[in-house]
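Below is one structure, written out as structure tokens; comments come after it.
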Amino acid sequence: MRILFLCVANSARSQMAEGLARAILPASVGVASAGSKPGSVHPLAVEALFEAGIDIAAQRSKPLEAVAPETADLIVTLCAEEVCPYVPGVRRLHWPIADPSAAGDIAAFRTARDQIRARIEVLARLLDLPDGPKAIEFHARLQVRDLAGSTRFYAWLLDTWPKEWTHRHATFIRPDLALNFVLVAADGADLRTGTPCHLGIALPDKAAVIDAYHRAVAFGAHVEKPPRTTWKGTPLHELWLTDPDGKPIEIYARLAPEDLAAMPADQAPTCLVPATAPPV
């Protein structure tokens with residue numbers, strides 16, 4: 001995979017993004033940066049990255065044509081106030097980061113650096129995302145301790161990347177589910193007691209719930225309760241996971257008529273996978 005970070009001058013934000021991406025993303029990911037009107041690398045960008053243990057002193061500002069943007073797999077634009085370069089036909093993410101050069105002090109560069117780093121940490125957790133269960137309904141809004149880790153988990157669970165994310169939140173949109181699901185960074189604070197703790201996604205049938213279990217095991221999700229059929233209350237085929245913050249996730253399917261006809265007299269839950277399945 002090849003990722004390009006673009007802005008206008010290729011002197012601060014995109015240069016820091018290139019350096020951070022090289023340090024955070026897998027070595028198999030190619031990384032470069034460029035600008036529509038390249039200038040020179042800002043010394044405070046070099047200083048801000050050096051404070052983070054990353055040396056970008058050898059990086060140079062480049063024009064778009066020097067990096068063949070049409071061959072990229074993903075382009076990330078970082079302009080906030082300016083008009084960023086546009087390359088048709090290439091997948092694009094837009095991260096509007098305020099230009100630290102306008103302030104001209106190291107504090108502004110540190111802020112931009114940290115905001116870019118947080119977004120790249122999320123990106124790093126999405127690049128190798130396996131297929132998740134095919135949900136048919138979901139709705140929630142949550143505070144989370146680890147934005148990158150939780151974004152990875154829910155991107156897998158919902159089988160889609162977030163529509164957008166910043167250093168403080170990630171928003172998932174699934175029009176086919178009428179879904180608007182937002183993760184909000186707790187910023188080190190204790191999660192409020194009013195935070196929703198029971199989330200759910202519906203799947204089409206029992207086979208899909210069992211398949212979701214095997215996908216969860218392969219993904220490395222924590223399985224709280226393996227798939228089973230429950231009869232009391234609302235009869236369901238259900239699987240319980242927990243997300244990276246320990247919140248319970250119910251993956252369920254409503255019972256078909258033939259399932260209901262097989263209800264045992266004692267209504268005891270019926271396991272849907274062998275009892276010898278390895279615990280997670």
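Checking the condition surrounded by 21 or more Cβ atoms within 10 Å (Cβ to Cβ), of a type in the set (Lys, Arg) and modelled with pLDDT of 95 or more, which residue from Arg22, Arg13 passes?
Step by step, each of Arg22, Arg13 is checked, and only Arg13 is surrounded by 21 or more Cβ atoms within 10 Å (Cβ to Cβ), of a type in the set (Lys, Arg) and modelled with pLDDT of 95 or more.
For region 147-177, a tally of residues being over 23 Å from Leu241 (Cα atoms) and hydrophobic (A, V, I, L, M, F, W, C) returns 1.
When each of Pro130, Pro85 is tested for being over 19 Å from Arg168 (Cα atoms) and under 24 Å from the mean Cα position of the chain (by Cα), the lone residue that passes is Pro130. On inspection, Glu65 fails the criterion of being closer than 17 Å to Gln115 by Cβ, loosely packed, with under 14 Cβ neighbours inside 10 Å and not polar (S, T, N, Q).
Can you find a residue in region 54-70 that is of a type outside the set (A, V, I, L, M), in the same structural domain as Arg110 (by TED's automatic domain parsing), out of contact with any Phe, Trp or Tyr (no Cβ under 7 Å at 6 or more places or on another chain) and closer than 16 Å to Ile97 by Cα? No. Candidates Ala80, Ala98, Ala118: the one that is part of a helix (DSSP H, G or I) and not charged (D, E, K, R) is Ala118. Might you let me know whether region 185-197 holds any residue that is buried (at least 16 other Cβ atoms within 10 Å of the Cβ) and at pLDDT 85 or above? Among the residues of region 185-197, at least one is buried (at least 16 other Cβ atoms within 10 Å of the Cβ) and at pLDDT 85 or above, which makes the answer yes.
Residues considered: Glu250, Glu258. Of these, the only one that is touching a strand residue (DSSP E or B) at 6+ places or on another chain (Cβ under 7 Å) and either among the hydroxyl-bearing types (Ser, Thr, Tyr) or assigned by TED's automatic domain parsing to the domain that holds Asp159 (or both) is Glu250. With respect to being modelled with pLDDT of 90 or more and surrounded by 18 or more Cβ atoms within 10 Å (Cβ to Cβ), Asp243 fits the description. Only one of the listed residues (Pro264, Pro227) is closer than 21 Å to Pro133 by Cα, touching a residue at least 12 places away in the same chain (Cβ under 8 Å) and touching a Phe, Trp or Tyr at 6+ places or on another chain (Cβ under 8 Å). That residue is Pro227. Gln59: in contact with a strand residue (DSSP E or B) (Cβ under 8 Å, 6 or more places away or on another chain) and in a helix (DSSP H, G or I), yes or no? Against the criterion (in contact with a strand residue (DSSP E or B) (Cβ under 8 Å, 6 or more places away or on another chain) and in a helix (DSSP H, G or I)), Gln59 does not qualify.
Which members of region 68-77 meet the condition of being touching a residue at least 60 places away in the same chain (Cβ under 8 Å) and either part of a loop (DSSP other than H, G, I, E, B) or charged (D, E, K, R) (or both)?
Ala72, Asp73
The values are calculated or read from the model by the stated rules, or taken from the named source; none is laboratory data. Since the structure is predicted, the reported quantities are computational estimates derived from the model, not experimental observations. Cβ coordinates were reconstructed from backbone atoms using ideal geometry, including for glycine residues, and neighbour counts include every protein chain displayed.
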